[in-house]
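Colleague: Structure below; questions to follow.
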Amino acid sequence: MATGLDEIDHKLLALLQEDDRVPVAELGKTLGVAPSTLNDRIRRLIKLGVISGFHAHVDPEKVGLDLLAFVFVGWSDPATEKLFLAAIAKAPEVLEAHHVTGSWNYLIKVRLKATRDLEGFFAGVLKEVPGVQRTETLIALSSPKETTRIEPPSSPP
């Protein structure tokens, strides 16, 4: 299996992604593995970087962040990238940034309260980056599926 993970590692990762608060003893019963062995496996997965952390999943709308937007950002001067990355690293409304192919340099995912906050984000963050030449914004009307769950590919038989 990929990255030296065995079937138990894959099952453990699936269970932890479903609920990382399940006691190790209960996980051990489900997987048929001693809790001490599972603790060792979890530590190994963390050390390998397979598990990068444990997080609470917060419903954005329940905390007043009703607007989800995806923003394509473009420029022609390569020096702009470093300034752009520094600016978005400090912007808490930016949830994700992806270097993309095509006519854009980056696609960013932002969560805000309302459209006026999006306008403020443009004025206070993106327009402050020297060299940013163009943007295109898509506002999500709804999100029928949104997940952080990763399903590792199966190994061939």
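Readers should treat all values here as calculations from the given coordinates under stated rules, not as data from a laboratory. Keep in mind that this is a model prediction, so the values were computed, not measured. Cβ coordinates were reconstructed from backbone atoms using ideal geometry, including for glycine residues, and neighbour counts include every protein chain displayed.
Colleague: Once every DSSP H run of n ≥ 4 in the chain is given -39500 (n - 2.57) and the sum is divided by its residues, what mean residue ellipticity at 222 nm do you get, rounded to the nearest 500 deg cm²/dmol? Don't skip to the end; give the middle numbers.
Modeller: Numbers: 5 runs with 53 residues, N = 157.
Dividing the helical sum by the residues of the chain leaves -10000 deg cm²/dmol.
Colleague: Considering amide H positions built from the backbone, and no H for Pro or chain starts, which residues 5 or more places from V100, or on another chain, come under 5 Å of its amide H?
Modeller: Under 5 Å from the amide H of V100 lie the amide H atoms of Y106, L107, each far enough along the sequence or on another chain.
Colleague: Also, I was wondering about something else. Karplus couplings for segment 53-67 from phi (6.51 cos²θ - 1.76 cosθ + 1.60, θ = phi - 60°), rounded to Hz, Gly and Pro as x?
Modeller: Computed from phi, the couplings for segment 53-67 are x, 10, 9, 7, 8, 9, 6, x, 5, 5, 10, x, 9, 7, 9 Hz.
Colleague: Any idea what the relative contact order of the chain is, in percent, if you count C-alpha pairs under 8 Å spaced at least 6 apart? Walk me through the numbers on the way to the answer.
Modeller: Details: 155 pairs, mean separation 41.7, N = 157.
Relative contact order comes out at 27 percent.
Colleague: Follow-up question, since we're still on this one. In µm²/s, what is D for the chain at 10 °C and 1.306 mPa s, where D = kT/(6 pi eta Rh) by Stokes-Einstein and Rh is the Kirkwood radius from Cα pairs?
Modeller: Numbers: Rh = 18.7 Å.
In µm²/s, the coefficient rounds to 85.
Colleague: Got a sec? How would K90, K113, K145 order by Cβ neighbour count within 10 Å, fewest to most? Write out the running numbers ahead of the final one.
Modeller: Numbers: K90 8, K113 15, K145 4.
Going from least to most buried by this count: K145, K90, K113.
Colleague: Return H57, H98 ranked ascending by Cβ neighbour count within 10 Å, so the fewest neighbours appear first. Working shown, then result.
Modeller: Values: H57 7, H98 10.
Neighbour counts put them in this order, fewest first: H57, H98.
Colleague: Lysine pairs, Cα distance under 25 Å, 8 or more residues apart or cross-chain: how many in the chain?
Modeller: Count of close lysine pairs: 18.
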